[in-house]
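Trainee: Dropping the structure in here first, questions after.
Where a number appears in this text, it was derived from the coordinates with a stated rule and is not lab data. Keep in mind the model is a prediction, meaning the values are calculated, not measured. Cβ placement follows ideal geometry from the backbone for every residue including glycine, while neighbour counts extend to all protein chains displayed.
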Amino acid sequence: MFVRVLTLALLAANGEGERALVAKALAQVAPAARLEIRETRLLVPPGCAVTRVTPPPSLRGSGALVLDVEGTDASGSCAGRALVSVRAFAPAWVTTRAVRADEPLDGAVALEERPLPPGGQALATLPSGARAAQALAKGVALEARHVQADGPLPGAPVTVVVNVAGLRVEQQGTAVGCPGRACARLHNGRRVEGTFRDGVLEVTP
C-alpha cells in the first residue's frame, strides 16, 4: 500500500505578497480599523506559494489569529494555515474628563483612534442623549457596558409599549440601567429593552 506523507513547513512570511494577502483578508472584516500586522508565519507544505487567505468570521481586537490559506505548488494546489499576530486600532469615544454615573456624555467625550484590546469592542457610535451607565475616569474608551441610552433615570416610572404582530400593548414599568439602550422592568418582573421615543419605551420582540 502506498502512503503519501505530507510534511508541513513553518515559515516566516517575509514576502510582501503573503503579507498583502493577509492584510486584504483582515480588512474585509474590519474596514474601519487600522491594522498593524506584527508577525505572519505560514504553516504550509514546502514549495507552496500562497495565493489566497480566507478572511476570519470577525475581528474582535488585537491578538493572535489562525487563518486558512490556499496556494499552488508543483503538484497543483496546496493549503495550510497562516499564524498572524495583529494589533488593531479603531475610532472610539473617549472620556475627556471624569464622568459621574447617569451624567450625560455630551461634551464629556471625544472621538479618538485607540488600540483595541484582545476581544475588545470600542463604541464608535454614541446614541443621542446617552448617559454614563457608571462612574468613568478620564481617558476611558467607551464600550457598550459604559453607556445607557437617553430616557428616564433608573427607578423612574415609564410607559412601555410592546409591538407584537401589529398589536400595541401598553403597560407600566420601572426604568432600569441598561448599557447602550433603554430598558425597563415590568410589574411581572420581566426585563425589556427598546427605544425611548416621545416619552414612551417602545419594544419590538
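Trainee: Rounded, prolate or oblate for region 155-205? Axes are the square roots of the Cα gyration tensor eigenvalues, ordered a ≥ b ≥ c, and the cut-off for rounded is a/c under 1.5. Each step should come with its number before you reach the end.
Mentor: On the way: a/c = 1.57, a/b = 1.34, b/c = 1.17.
Verdict is prolate for region 155-205.
Trainee: Hey, another quick one. Looking at the square roots a ≥ b ≥ c of the eigenvalues of the Cα gyration tensor of region 75-205, which shape do they give, rounded for a/c under 1.5, prolate if a/b is larger than b/c, or oblate?
Mentor: oblate
Trainee: Considering the dipole of the chain built from charges on the beta carbon (Lys and Arg +1, Asp and Glu -1) around the Cα centre, which of L123, L136, A90 is farthest to its positive end?
Mentor: Most positive-ward Cα: L136.
Trainee: Ranked highest first by the average count of other Cβ atoms within 10 Å around their residues, in what order do 60-72, 157-169, 102-114 fall? Spell out each step's value before the answer.
Mentor: Values: 60-72: 16.5, 157-169: 12.2, 102-114: 14.4.
With the highest mean Cβ count within 10 Å placed first, the list reads 60-72, 102-114, 157-169.
Trainee: From the backbone phi of region 73-79, what are the Karplus-calculated ³J(HN,Hα) couplings (6.51 cos²θ - 1.76 cosθ + 1.60, θ = phi - 60°) in whole Hz, Gly and Pro given as x?
Mentor: Whole-Hz 3J(HN,Hα) from phi for region 73-79: 9, 4, 8, x, 10, 8, 8.
Trainee: If a/c stays under 1.5 just call it rounded; otherwise compare a/b with b/c (prolate if a/b is bigger, oblate if not). Do that for region 9-88, with a ≥ b ≥ c from the square roots of the Cα gyration tensor eigenvalues. Show your work: numbers first, answer last.
Mentor: Details: a/c = 2.23, a/b = 1.88, b/c = 1.18.
Because a/c hits 1.5 or more and a/b exceeds b/c, region 9-88 counts as prolate.
Trainee: List D198, D150 from most exposed to least, where exposure is judged by having the fewest other Cβ atoms within 10 Å.
Mentor: Working: D198 5, D150 15.
Arranged by neighbour count, lowest to highest, D198, D150 become D198, D150.
Trainee: So what's the back-of-envelope 222 nm ellipticity for the chain, counting only DSSP H runs of four-plus at -39500 (n - 2.57) apiece and dividing by all residues, rounded to 500? Could the numbers behind the result be given before it?
Mentor: Numbers: 1 runs with 14 residues, N = 205.
Result for the chain, helices only: -2000 deg cm²/dmol.
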